[in-house]
Structure formats: structure tokens, C-alpha cells
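Have a look at the structure below, then the notes.
The values are calculated or read from the model by the stated rules, or taken from the named source; none is laboratory data. From a predicted model like this one, the values you see are computed outputs, not experimental measurements. Cβ placement follows ideal geometry from the backbone for every residue including glycine, while neighbour counts extend to all protein chains displayed. Areas reflect the complete protein model, heavy atoms only, side chains present, ligands, DNA and RNA absent. Shrake-Rupley method; radii C 1.70, N 1.55, O 1.52, S 1.80 Å.
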Amino acid sequence: MTAHSATPPVTAVTPVVPDMFNASDYLLRSAVQPETAGRVAVTGPAGELTYGDLAELVGHIAAGLEAWGVRAEERVMLLMADGPEAAAAILAAMRLGAVPVPVSTMLTGPELAELLGDSRARVLLVSAEFGAAAEAAVARVPGIRYVAVTGDAAGADGLGGPGGPGGLGGSVSAGGPGGSGTGFAVPAGVRLRAFAELVEEGRRRGGELQDPYITCEDSAALWLYTSGTTGKPKGAMHRHANIRHVVESYARQVLGITSADRCLSVAKLFFAYGIGNSLFFPLAAGAETVLDPQRPTPQSVAERLTEYRPTLFFAVPTFYAALLRSDVPRDAFGSVRLAVSAGEVLPADLCRRFADRFGVEILDGIGSTEALHIFLSNRPGRSRPGTTGTAVDGYELRVVDGEGHDVPRGEPGSLLVKGESIATGYWCRTGVTRQVFQGEWLHTGDTYVVDDDGYYTCLGRTGEMLKAGGIWVAPSEVEARLLEHPAVWQAAVVGLPDADGIDKPVACTVLAEGAEAAPEELIEFCRDGLAAFKRPREVIVVDELPTTASGKLRRHAVRELAAARLGHAPG
């Protein structure tokens, strides 16, 4: 008989991960400390949560997503209005080791479908009021397994459609605040749930806040889609460590944020600018954030300022201009100690007029989706209107010529930035990643000049991209939409400054022979087929577009033509 040795006992092995770090854990430190767990973390029209409440909701959503099969590094897309649910869902996905992908709530169904397909997300979280876009998108994209909808989800067919709870396909009500109340249908094979059921499933599984998934500083934490330097949307991939870096650089060193602050941001959570303002910065400091699900207007923001008394206010130049044109009273900003502007160039005159009227200093800065937040900024008490300020500590800047050589101070060149918050690249976009991310340096696509005191002034975009309301707009995308109109033969879109000195999209079109179309009709046509901010503010019908001898569009000449034809800044 052959002797056999005893089988050695199996010992559980904890995986070794270098520099273990999870951004959700970092941001929820106030929730696990008895002296701060009861402090308000999130407030606003959509509801209020203490840090303890927020941590509990994060734990339940994380457990619910895990029950739905969401795995580490898998993408979870959010088409959600700002509020406690959206904030908690972003943190929950990070805590699970998954990757939240908040996207613009202004997207149309086809635009959302493009991002769903590109990201390979299998779970989509939706606010009820965006059900129509989500329904159209899910119908176009295979691979979606779960859709969770906030608001009233008691559909006529029962949750999940035929077969009741647990069924596949069917519809739920997309009512609730701001919703249309119409049914939200999904294809067979897609499980449609109420967001509350996701939370409840996590609660049933004992989803109190558990230790986070074992991520490290370099683990994928967040994707944000941008058109950036090219027209096609690209997912900028950010590490967990990037979130800590923007907090410890801009938030602490420039804003001086503390637990006594309360943040209100016009930019929403799906922007890099907004997610820093409204989530990363306040939570890391143990402060409060005011989340407003509504589309901001001067009147609605004045109401929030009066009711919630924020100390830090964030907006883009277009919105500051709108505030100056409104009847918002001066004392609305009585609680605000600092206002911040980013997203596009803030004209010096607008900055001065705002300070004169409201008594608040605006700190102009520049950031990007690829850098996650602001890396170049003015400072309190040292702001120079018309400039973008100086480099934020933790970042290095260069201004270079076409060959990549540093230019002398006072001469224009392309702005490059280096810092720990720079994205690792674009998802599945090797060619453009190599163009934009070169070694440690990010090519911003902006032309700048720096003076002898180290203050940087923006001279415009290096390429053809433009911004509207602080959001990237690809001229090619708007042109493509215009060309879908049967009356349009050629189209060119450029940026021209409005009465406040802020660039807005303006279109020059050549109509097909014998065709007629009013400018208002073409603007509305763009609004119907694109996110509203991409629409041209003016449409000019011309006989021909200026081109080179080889037929290439001369955009500079188009810009001059548009300015001459308008005879004034576009409104």
C-alpha cells in the first residue's frame, strides 16, 4: 500500500496591492468619525443627507450593484440629475472598484447610445426625467443588462415588465419630479428596475458601509467623456490618486476649503469642473455641498443662494454674464467668500463688473477634463482680471512653439501642463492619446502667453474646437447636423464673441440651389438633433464659403465673414 501525505490546510491569502488607496474611502472619512458623522454632507432641493446617511446609502448601492454582477473596473454609466442619489452612486461604484461614468444629461438618445457602446457599460442609472433619451439609447446598444430609474417606478406592466419583478424587458413609469409620466420601455433581455430597488437589494444583503475593494492609487476610478481637442467624444480615464491630488492642490491651496464651507456649483456632476466643486472638494474637507437637480438660471441660483447661503460659488463666464443681465439682488451673494470661474476665458470687464455689483471676487482659472480640475488659477487678493493667473502648486506649465521648444516670456505658444491629476489617456483612442498625452505632459490645445510675473493669458484655442457655456463644441458635429437639413448644401461653424466677450457658435451656410430656410429654422433643427448647448446662436446664409485653392475651408476667413455680416456681437 502506498502511503499518502496529508493534504496541507488551505490558508486564505490577502492579495498584496501596492499603495492601497480608494477615493471613496478617502472622501467618506468624515462619515466614520463619531464627531462628524452627524454633520450635513449633502443638501439641496432633492434632499439632505448627513455624512452617516451618505455612507449608509453608498454602502447599500455598492452592495446592490455587486448583486447585479458589477465587477471591479467595469463601467457603470450615470445619466442622473444632481442630488443625493447621483452623488452616492458615484461613490458606491468607486468603492466597489468599478468605474462610474457620469455623462451629460443634455445628451440625445443617439448621443447617449454612442457613449454606452464605447464604454461597454452593462448598467445604466437614470433619473426619471431623462427616460426618453435613455430608452432610445438602450434600444440601440446591445450589452446593457440593468437599467435603474429614479422616481416612481410602478409601471402598468409591473416592475420588469411581463412576469413582474425579476422579469426581462417591459416598462416602468418615468414620472417623478420633472418627468413626463410616460412609460419607459427597454428591450427583452434588459432588466428594468427602480433605483429604490437597487438600494433595497443592497440593504437586504447587509450593505452597510464595508471596507472598499482593494484598489491602489493607479486603479481606474472615474471616466469622463470629452470632445476636447477633437470632435469625437473620448473617455478620459482617471486614477483614484487623481481625485486626492486635485483636492490637495487646488481645493486646499487656492480655495482654502474647510469644514465650515458650503459649496454651490452651476456646473453639474457630469463635468470635471462640477464633480470637483460639488463632490470631491466638500466631502474631502468635511464641508457641505448644495446639489440642485434643476437646470440653473439666474433666478433659480438666486433662490439657492438665499436659501442655502453657500460660501463658495462656482460658475462659467457665460453664467456670470447672465447674472449681470438679471435682476438678482446684490445681497444674494452676501454669504459667498469666493467665486470661481473656469471652462472658458473670463473677460476682464465682466470680472470687474461682477465684483462692483455683487462685492465678490471671481478667481478665473483653467482646467480640463483630462487634468480633472483647475491647474492654472488666480489667487484670492492677487487676481489679475483678464489673465488666468499662475500655476497651481503641484503642476508645472510650459508654453512651446510648433516644434515643442519653450518660447520666451511674452511670446505666444501652446500650453502644456504636467501634474499628478492628469488622466492616463483616452479609452480605446490610441492615436489621439499619443497626440495629447506626451510623456508626462498634457497638450491642452490652448494658446497662451506668460508675462514676467508668471501670469498666463489665454489667446484662444490652438485648434478648431470652441466652447459654448464652458462646454466643448466640435464645429464638425454642428456642421454635420446642418448638412442633414435638405436645404443646406455647405456649412461652417466658428466661434465669435458675444456682447460679453464670450465665444459662441455661429454658422455660415450655403443653401442648395432653389432651396429656402430661415436662420431660426436651422437653429431649431440643430437644437432638435443635438444637445441644446451645441446649437449655433446665429445662422448666416451666404453665397459661398471662403476656401483655399485646394478647396480647404479657411476658418479664419469664415470668422471674419461672419463678424462682418453680423455687424455686432452675436446674441
message = For region 359-369, check the following and say yes or no: at least one residue is in a loop (DSSP other than H, G, I, E, B) and either of a type in the set (Asp, Glu) or without any contact (Cβ under 8 Å) to a residue 24 or more places away in the chain (or both).
response = yes
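Yes/no per residue for (1) at pLDDT below 50; (2) open to solvent by less than 20 Å² (accessible area, probe 1.4 Å):
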site	(1), (2)
161	yes, yes
167	yes, yes
174	yes, yes
184	no, yes
188	no, no
195	no, yes
202	no, yes
Subset of region 20-47, residues within 18 Å of residue 284 (Cβ to Cβ) and in a loop (DSSP other than H, G, I, E, B), comes to 21, 22, 28, 33, 35, 36, 37, 39
Checked 466, 459, 482 against criteria (surrounded by fewer than 18 Cβ atoms within 10 Å (Cβ to Cβ), aliphatic (A, V, I, L, M) and at pLDDT below 95); the one match is 459
Being open to solvent by less than 50 Å² (accessible area, probe 1.4 Å), modelled with pLDDT of 95 or more, under 20 Å from residue 351 (Cβ atoms) and not charged (D, E, K, R) narrows 376, 372, 415, 397 down to just 376
Across region 79-100, the tally of residues that are open to solvent by less than 10 Å² (accessible area, probe 1.4 Å), of a type in the set (A, V, I, L, M) and outside any strand (DSSP E or B) stands at 10
Within region 48-63, of all residues that are of a type in the set (D, E, K, R) and in a helix (DSSP H, G or I), the one most open to solvent (accessible area, probe 1.4 Å) is 56
Restricting region 218-233 to residues that are touching a Gly at 6+ places or on another chain (Cβ under 8 Å) and modelled with pLDDT of 95 or more, the one farthest from residue 95 (Cα to Cα) turns out to be 225
Residue pairs qualifying under the 6 Å Cβ cut-off, at least six apart or on distinct chains, with the first in region 295-311 being farther than 20 Å from residue 281 by Cα and of a type in the set (Gly, Ala, Ser) and the second being open to solvent by 30 Å² or more (accessible area, probe 1.4 Å) and not in a helix (DSSP H, G or I), are 300/294
Given (1) free of Cβ contacts under 8 Å to residues at least 60 places away in the same chain; (2) open to solvent by less than 20 Å² (accessible area, probe 1.4 Å); (3) closer than 15 Å to residue 365 by Cα, residue 454 misses just (1)
Considering region 427-446, residues that are more than 20 Å from residue 466 (Cβ to Cβ) and part of a strand (DSSP E or B), and then whichever is most open to solvent (accessible area, probe 1.4 Å), we arrive at 438
For region 461-480 the number of residues that are in contact (Cβ under 8 Å) with a residue 24 or more places away in the chain and assigned to a helix (DSSP H, G or I) is 5
Confirm whether residue 386 is closer than 19 Å to residue 337 by Cβ, open to solvent by 10 Å² or more (accessible area, probe 1.4 Å) and outside any strand (DSSP E or B).
no
The residue that is most open to solvent (accessible area, probe 1.4 Å), considering only those in region 490-523 that are within 19 Å of residue 566 (Cβ to Cβ) and acidic (Asp, Glu), is 520
Scanning region 33-47 for residues that are among the small types (Gly, Ala, Ser) and farther than 13 Å from residue 85 by Cβ, the one least open to solvent (accessible area, probe 1.4 Å) turns out to be 41
When region 249-277 is checked residue by residue, the ones that are part of a helix (DSSP H, G or I) and over 30 Å from residue 462 (Cα atoms) are 252
task: Restrict the check to region 338-355 and report whether at least one residue is open to solvent by 60 Å² or more (accessible area, probe 1.4 Å), touching a residue at least 60 places away in the same chain (Cβ under 8 Å) and part of a helix (DSSP H, G or I).
output: yes
